[in-house]
Amino acid sequence: MIPIKGLERTSLIDYPGKVAAVVFLGRCNFRCPFCHNRELVLNPEGIESVAEEDVMDFLREREKWLDGVVISGGEPTLHRELPGFLEKLKGIGYAVKLDTNGTNPEMLKGLMERGLVDFVAMDIKGPLEKYEKSAGVKADTGKIRESIRLIIGSGIEHEFRSTVLPALHTKEDVEEMARMVTGASKFCIQQFRPKNTLNPSFGKEKPFSREEMKELQEICGKHVETEVRLA
């Protein structure tokens, strides 16, 4: 059984074009200081699990009203039970969107080859040479690069997204992040929200203004279709 730590029963914003439920899995191998899911990352054992059977029963009851299921976290690909869980969702007939940080291209490739995901959203934390600064830990950037390559070449619906803030990213950094995903369907830059941050000191950091976010959109748009998501 996969350790489910939360269920959002209905979302209109997490799966583009679909009404979806969101399943949250605990644990993450990153420690992004700006992350606002701190409990899922730092103390998943302290969060009561939702029984997988209860989630499946709910999804069976709602299949006439829901189009898809989003698997989020935490980092879902840390769980070896993930492929089996996605098989169950596909067996009901749901479209599946996976949110990932791209650190497990081996599992990602297997999920795509087996037709277990219909949409992949991958977070880009920063330019590869500065990844540790934003991810909070040393990252294997070769795996990040491989996941980007796999997703862009997969033919599966996808987007790349980055939470950006002046404390971690210069405008040049954000442009480099867009350049990293040239050829992607979409790059989304998300305005930082200083709330419930993993590193409490980041609760005092200022986000880019709306005007600055629009400027970043124009800069990134030279390399890839770019969307701004405001907090």
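The values are calculated or read from the model by the stated rules, or taken from the named source; none is laboratory data. Remember, it's a predicted structure, so these values are computed and weren't measured experimentally. Glycine also receives a Cβ, built like all others from the backbone with ideal geometry; neighbour counts cover every protein chain displayed.
Contact annotation: residue pairs with Cβ atoms under 6 Å, 6 or more positions apart or on different chains, pairing a residue in the stretch 1-28 that is under 12 Å from Lys97 (Cα atoms) with a partner that is part of a loop (DSSP other than H, G, I, E, B) and hydrophobic (A, V, I, L, M, F, W, C), are Val19/Leu66; Ala21/Leu66. Counting residues in the stretch 11-30 that are more than 24 Å from His158 (Cα to Cα), of a type in the set (Val, Ile, Thr) and not in a helix (DSSP H, G or I) gives zero. Taking the listed residues Val137, Val224, the one that is among the hydrophobic types (A, V, I, L, M, F, W, C), part of a loop (DSSP other than H, G, I, E, B) and surrounded by fewer than 13 Cβ atoms within 10 Å (Cβ to Cβ) is Val137, with no other qualifying.
A quick yes/no check of all residues on (1) at pLDDT 95 or above; (2) of a type in the set (D, E, K, R):
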residue	(1), (2)
Ser209	yes, no
Met213	yes, no
Gln217	yes, no
Lys222	yes, yes
Ala231	no, no
